[in-house]
1. Restrict the check to the range 31-42 and report whether at least one residue is hydroxyl-bearing (Ser, Thr, Tyr) and over 20 Å from the mean Cα position of the chain (by Cα).
2. Among the residues of the range 1-50, which ones are under 22 Å from LEU75 (Cβ atoms), part of a strand (DSSP E or B) and either open to solvent by 80 Å² or more (accessible area, probe 1.4 Å) or among the aliphatic types (A, V, I, L, M) (or both)?
3. In the range 51-92, which residues are more than 15 Å from the chain's Cα centre (by Cα), open to solvent by 50 Å² or more (accessible area, probe 1.4 Å) and either of a type in the set (Val, Ile, Thr) or modelled with pLDDT of 95 or more (or both)?
4. Against the definition (more than 15 Å from LEU74 (Cβ to Cβ), surrounded by 12 or more Cβ atoms within 10 Å (Cβ to Cβ) and at pLDDT 85 or above), how does VAL164 come out, yes or no?
Amino acid sequence: MYAYIEGKLAYKDPAYTVLDAGGVGYEIRISLQTYAALPDIGAACRLQVYLSIREDAHVLFGFADPEEKQLFLLLTGISGIGPSTALVMLSSLSAVEIRAAIVVEDVRTLQSIKGLGPKTAQRVVLELRDKLKKEGISAAASPAGNAGGKIRADALAALTTLGVARSVAEKSIDAVLKKAGDDITLEQVIKQALR
């Protein structure tokens, strides 16, 4: 219904903000990622928004980044994850970290999010993994956020495509990365892991 709201930032809190747009104050629930991106109070601000209509309330959710909103919508499309849970997920991990965890099937990282049990974390991976890969969203960072995360994810995908068992591939890649450090290319990781 609403794509974005642009106005003057009237109030900000880690859980919500108030945007004054045309003399109307919109209370918008936000993630910690969006909170960190907000300007100072009184400054112009534009937030991507999603209106959640429930039986007892209409709640606006805001995002500083369109990719964060896109991930929020994907998450809320999964059975068992409502807007509040999706917002907690986006507050616990960045959108990039969540995408990376889903793409590399890191259920443990998703389970570390408060309120997300093992079954729900597995459902998130099962329902979104292929969709994120199809849309060209790759693991730009590892769930831990280190520099070797993308190389690790790409090498893991390559090895499993070649028929190497996932657990064997993960051990091999981790051993190669531990030995070589950050000064190694994707091709070198794959070659050494296949030895």
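The values are calculated or read from the model by the stated rules, or taken from the named source; none is laboratory data. Computed from a predicted structure; not experimentally measured. Quick reminder, even Gly has a Cβ in these numbers, built from the backbone with ideal geometry, and neighbours come from all protein chains shown. The area values use the complete protein model at the heavy-atom level, side chains included, leaving out ligands, DNA and RNA. Shrake-Rupley method; radii C 1.70, N 1.55, O 1.52, S 1.80 Å.
1. No, there is no match, as no residue in the range 31-42 is hydroxyl-bearing (Ser, Thr, Tyr) and over 20 Å from the mean Cα position of the chain (by Cα).
2. Quick first cut of the range 1-50, residues under 22 Å from LEU75 (Cβ atoms) only: 1-5, 14-17, 27-38, 47-50.
Restricting the remaining residues to those that are part of a strand (DSSP E or B) gives 4-5, 16-17, 27-30, 47-50.
Of everything in the range 1-50, those that are under 22 Å from LEU75 (Cβ atoms), part of a strand (DSSP E or B) and either open to solvent by 80 Å² or more (accessible area, probe 1.4 Å) or among the aliphatic types (A, V, I, L, M) (or both) turn out to be TYR4, ILE5, GLU27, ILE28, ARG29, ILE30, LEU47, VAL49.
3. Residue satisfying the conditions is ILE53 alone.
4. On the way: more than 15 Å from LEU74 (Cβ to Cβ): yes; surrounded by 12 or more Cβ atoms within 10 Å (Cβ to Cβ): yes; at pLDDT 85 or above: no.
So VAL164 fails the test.
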